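To start, the structure itself, in structure tokens.
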Amino acid sequence: MKEVFEKILADAKVQKAKELMIKDDPKTWEQLQELVLIPAFSRFEEKRADRFQEMVEAEGFKTERDEVNNVYTTIKGSDPKAPTVFITAHLDTVFPMDTKLEIVEKEPGKFYCPGIGDDTSNLAQVLTLLRAIRDSGLKFKGDLIIGGNVGEEGLGDLYGMKAFFGKKENLDKVDAYITMDGGPGSIGYLGTGSYRYKVTFKGPGGHSQGNFGMPNPIHAMGRAIAKFADMKPPTEPQTTFSVGVVNGGTSVNSIAIECSMLVDMRSNGKAELDAEDAQFHKILKEAVEEENGRWVRDRALYSDVFTRPGQAPWCDRKVELVVDKVGDRPVARQNADDPIIVAGLEAYKAAGVDVTLSGPGSGDYNVPISMGVPSVGVGGGGFGGGAHSKDEWYSPVDVGKGLFKILIMLCGYLGVDGVSDPLIPKKG
């Protein structure tokens with residue numbers, strides 16, 4: 001395999017593409033700055049998708065756009081028997097649509113703006129790749145589908161990848177997937193699974209004194225959170241849980257009508273995630289039963305407040321539970337010696353990049369891996385930090401040079417016309 005990459009590196013068109021990407025750093029930075037100032041909260045990516053599509057078409061590539069706003073173009077290869085590779089960066093960010101977006105250079109060469117690194121930097125580099133492939137005359141043997149996808153962050157729940165690979169024709173034709181979303185010196189190949197819920201506790205509500213003895217939704221939620229926090233998940237495979245957001249209540253002197261919480265559970269093993277999920281649902285039921293039963297049990301103690309003339313006891317009014325699943329990311333497992341991993345590592349080495357295999361993560365590749373499509377997560381050029389915070393920053397240093405490793409990876413996977421055969425198999 002090392003010899004294959006030596007041939008690829010020696011190819012004049014590959015070297016021309018590298019030269020073009022390095023010279024393209026100012027253009028890449030210009031387009032990144034434009035894209036990052038377009039708000040693109042998960043499930044609200046349409047305007048950024050509009051502009052990204054215009055940018056791709058301005059380079060002379062015909063685009064496709066599906067019903068959820070994934071945008072991509074296809075570069076046909078020379079050999080119909082060669083594999084097809086799909087590569088994207090995600091269009092969305094974690095930041096709500098009203099987030100102030102302003103690029104500030106707080107330190108020389110270090111630019112701050114929400115979303116500037118994750119994943120807008122890679123999105124701009126998709127455009128750089130397109131120009132380099134076009135202007136170098138580089139011809140792959142296999143087909144390359146390349147673009148931007150939606151729904152990677154938060155409650156986007158990977159809906160972009162689920163929509164794409166949910167179509168049989170796409171699942172059948174794509175032999176490997178690459179997500180440009182990660183560190184510059186690592187390759188991700190394992191996907192952490194997660195279940196996410198919005199849990200709502202509902203009751204009739206009332207006055208904190210006048211209706212004392214009425215089951216309280218917030219108290220029921222508190223019981224659930226306390227039980228949830230006491231769970232002891234396995235450490236191997238790593239399994240975690242968290243209550244991330246709580247909402248509800250009316251006023252300090254009211255028994256709440258409604259409250260809710262957002263819950264995240266993750267694991268690197270499906271059996272462990274399912275076991276934690278089952279325990280979580282058991283806890284919810286117990287918490288509601290305990291809150292409702294507490295007042296029935298103490299009816300005699302508080303008999304003077306439980307009953308009003310012509311009214312049923314307050315304790316006969318119950319807290320009810322509504323559980324909505326708002327996230328389901330599949331656990332994704334691959335072997336480190338699979339062709340896509342081995343060839344990816346060799347591509348990085350050939351490009352002169354020190355590389356490691358990263359631990360399990362959670363991202364767009366979860367979906368295709370779980371559906372049998374070999375996939376990896378990689379990062380392009382430049383450097384950054386503070387992802388998912390308003391202090392997120394990016395330094396556009398050696399962007400084209402850093403991006404070159406991904407081009408070499410594509411050359412290895414797809415094969416280069418007149419130079420090398422594909423290093424990954426085609427289905428069937």
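In contact (Cβ under 8 Å) with a residue 60 or more places away in the chain, under 19 Å from V85 (Cα atoms) and either over 23 Å from the mean Cα position of the chain (by Cα) or assigned by TED's automatic domain parsing to the domain that holds T99 (or both): does that describe Y394? First the steps, then the outcome.
Values: in contact (Cβ under 8 Å) with a residue 60 or more places away in the chain: yes; under 19 Å from V85 (Cα atoms): no; either over 23 Å from the mean Cα position of the chain (by Cα) or assigned by TED's automatic domain parsing to the domain that holds T99 (or both): yes.
In short, no.
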Enumerate the pairs (first residue in segment 221-239 and more than 12 Å from E286 (Cα to Cα); second residue anywhere and assigned to a loop (DSSP other than H, G, I, E, B) and of a type in the set (A, V, I, L, M)) with beta-carbon separation below 9 Å, excluding pairs fewer than 6 apart on the same chain, so at least 6 apart or on different chains. P237/V331
Note on segment 243-272: residues of a type in the set (G, A, S) and either under 34 Å from the mean Cα position of the chain (by Cα) or not assigned by TED's automatic domain parsing to the domain that holds M214 (or both) are G244, G248, G249, S260, S267, G269, A271
Got at least one residue in segment 227-239 being among the β-branched types (V, I, T), on the phi < 0 side of the Ramachandran plot and touching a helix residue (DSSP H, G or I) at 6+ places or on another chain (Cβ under 8 Å)? yes
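Answer with yes or no whether D11 is touching a strand residue (DSSP E or B) at 6+ places or on another chain (Cβ under 8 Å) and acidic (D, E). First the steps, then the outcome.
Values: touching a strand residue (DSSP E or B) at 6+ places or on another chain (Cβ under 8 Å): yes; acidic (D, E): yes.
The answer is yes for D11.
If I filter segment 351-363 for residues that are part of a strand (DSSP E or B), assigned by TED's automatic domain parsing to the domain that holds V263 and surrounded by fewer than 18 Cβ atoms within 10 Å (Cβ to Cβ), do I get at least one hit?
Step one: list which residues in segment 351-363 are part of a strand (DSSP E or B), which gives 356-357, 361.
Now drop any that are not assigned by TED's automatic domain parsing to the domain that holds V263, which leaves none.
Checked against the condition, which is being part of a strand (DSSP E or B), assigned by TED's automatic domain parsing to the domain that holds V263 and surrounded by fewer than 18 Cβ atoms within 10 Å (Cβ to Cβ), segment 351-363 yields no hits at all.
Scan segment 66-100 residue by residue and report those that are surrounded by fewer than 14 Cβ atoms within 10 Å (Cβ to Cβ) and more than 24 Å from the chain's Cα centre (by Cα). Give the derivation first.
To start, the set of residues in segment 66-100 that are surrounded by fewer than 14 Cβ atoms within 10 Å (Cβ to Cβ) comprises 67, 76, 80-81, 96-98, 100.
Answer for segment 66-100, where residues must be surrounded by fewer than 14 Cβ atoms within 10 Å (Cβ to Cβ) and more than 24 Å from the chain's Cα centre (by Cα): K76, P80, K81.
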Of the residues that sit in segment 1-34 and are closer than 22 Å to V104 by Cα and of a type in the set (A, V, I, L, M, F, W, C), which one is surrounded by the most Cβ atoms within 10 Å (Cβ to Cβ)? L32
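Looking at G166, G147, G160, G154 in this structure, which one is of a type in the set (G, A, S), modelled with pLDDT under 95, outside the structural domain of F280 (by TED's automatic domain parsing) and within 23 Å of the chain's Cα centre (by Cα)? Let's see the steps before the verdict.
Values: G166 fails: modelled with pLDDT under 95; G147 fails: modelled with pLDDT under 95; G160 fails: modelled with pLDDT under 95.
That would be G154, the only listed residue that is of a type in the set (G, A, S), modelled with pLDDT under 95, outside the structural domain of F280 (by TED's automatic domain parsing) and within 23 Å of the chain's Cα centre (by Cα).
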Sort out which residues of segment 194-215 are polar (S, T, N, Q) and either under 22 Å from K270 (Cα atoms) or out of contact with any helix residue (DSSP H, G or I) (no Cβ under 7 Å at 6 or more places or on another chain) (or both), and write them in order of number. S194, T200, S208, Q209
Can you pull out the residues in segment 1-10 that are among the hydrophobic types (A, V, I, L, M, F, W, C) and either in contact (Cβ under 8 Å) with a residue 40 or more places away in the chain or not assigned by TED's automatic domain parsing to the domain that holds V104 (or both)? M1, V4, F5, I8, L9
Evaluate segment 108-120: report whether one residue or more is in contact (Cβ under 8 Å) with a residue 24 or more places away in the chain, hydroxyl-bearing (S, T, Y), within 15 Å of Q31 (Cα to Cα) and assigned by TED's automatic domain parsing to the domain that holds S375. yes
Of (1) farther than 30 Å from G415 by Cβ; (2) over 14 Å from the mean Cα position of the chain (by Cα); (3) not basic (K, R), T192 fails just (2)
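The values are calculated or read from the model by the stated rules, or taken from the named source; none is laboratory data. Predicted model, so just to flag it, every value in this text is computed and none were measured. Reconstructed Cβ throughout: ideal geometry from the backbone, glycine too, with neighbour counts over all protein chains shown.
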